[in-house]
Every structure is written in C-alpha cells, then in structure tokens.
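No value in this document is a laboratory result; all are computed from the given coordinates. All values derive from a computational prediction rather than experimental measurement. Counting neighbours? That spans all protein chains shown, and the Cβs are built from the backbone with ideal geometry, glycine included.
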Amino acid sequence: MSAIQSSTSIVAYLALFVTLGLLFLLVNLLVGKLLRPNNPTVEKGEIYECGEPTIGTSFVQFDLRFYVVALLFIIFDVEVAFFFPWATVFGKAEHLHDAAEAAAVAPADIDMIYREMGIQNSTGVPRTNQRIAEGAKKLSYLTLVDIAIFFGILMVGFAYVWKRGDLDWVRAVSPRGPPASDSSEAEADKPSN
C-alpha cells in the first residue's frame, strides 16, 4: 500500500510542479504583454547585424571550415577539461604522501583523508604513516601514467587532424591542367598559317 501511495504522491508532485511551472510562464508572458509599450517604428523593424546596415540578402553560405574549426575546438576543449579531475586526484595524492612522510597525519585524520579520496569503507586500508606514504606515492604514479596515456591519445588525434589538413585555413590545391581531350581540341581549333 505504501508503494502505491509513494508512486501516486510522486506523480502528484510532478503534476503540481509542471502545472506551477506552466502557470508561472503564462502569467509572466501575460504581464509582459499588458505592461510593455507597443511602439513599432521602421527603425525597430530593420534587421540588426552587429550595428552595421545589412547589405545583400540574408542568405549567406558560410565556408565549411568555420564549422570544422569550431567542432575541433569543442572536441579538444572538452578533452582538456578532463585534466581537472586528474589534477585534483594527483594533488591530493601528493599532499597525502608529503603529510605521511612528515608523520603529520594523525590517526584521527586518516578516515577523513580516505573519505576525501573517495574510499567509503576504510577498513583494511593502511593506517601507518609509512604505508600511507607508499600508497599515496603509488597512486600519484598511477595517475601520472594514466594522464600520460590520455594525453598521448589526445596528441595522436591532434596529429591526425593536423596531418589531414583540417587545421589549415587555406588548403593547398594541386594545379590542374586541362584534360587530355581538351588539349587536342584546342590544337585543332588553332588557325593554321
């Protein structure tokens, strides 16, 4: 019975939330419609583009290179964002190693340190400063190898994109000569002396 009541109450809360959200939206739109001034002018109706008057049609074909460069930027930017969690873990491991080496880790702080590192159940984990220092050094080496592999894969992708020429703004175009059939026709069209 309680499972039915809880699922029913969840649906009721969800319906209430959606209703209040829609009501909030509609009330604000209605208040805006009633209070804002209605003063259309020719100048307000013109197309606005960076403060400059528009020239030509509104349909302009952009070069595909804009999109390629933008997508490559987003891909590499998101991948670089993965360095931040790694740097946090690496920094905490190095800090823990330094504190354990200096015997500055109090037994009461050990559980807090393990929780901060993401270990919820700290039974069976090292409790002495020497073992903590060894474990922290292993963790820092492991994270260093991990980020080196990640960075290597990132650089392989970067080298591929560079080799492919997607980073070149102006691509080199091989010179094309006239087709073989055109050159024979061109010679036939020449006036003979």
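Annotation: peptides 33-39, 77-83, ranked by per-residue average of other Cβ atoms within 10 Å with the highest first, follow the order 77-83, 33-39. What distance in nm lies between label points placed 7 Å from Cα along the C-beta direction at ALA102 and LYS44? It works out to 6.6 nm between the two label points. On the basis of the beta-carbon distance and an R0 of 41 Å, MET112 and PHE76 show a calculated FRET efficiency of 0.65.
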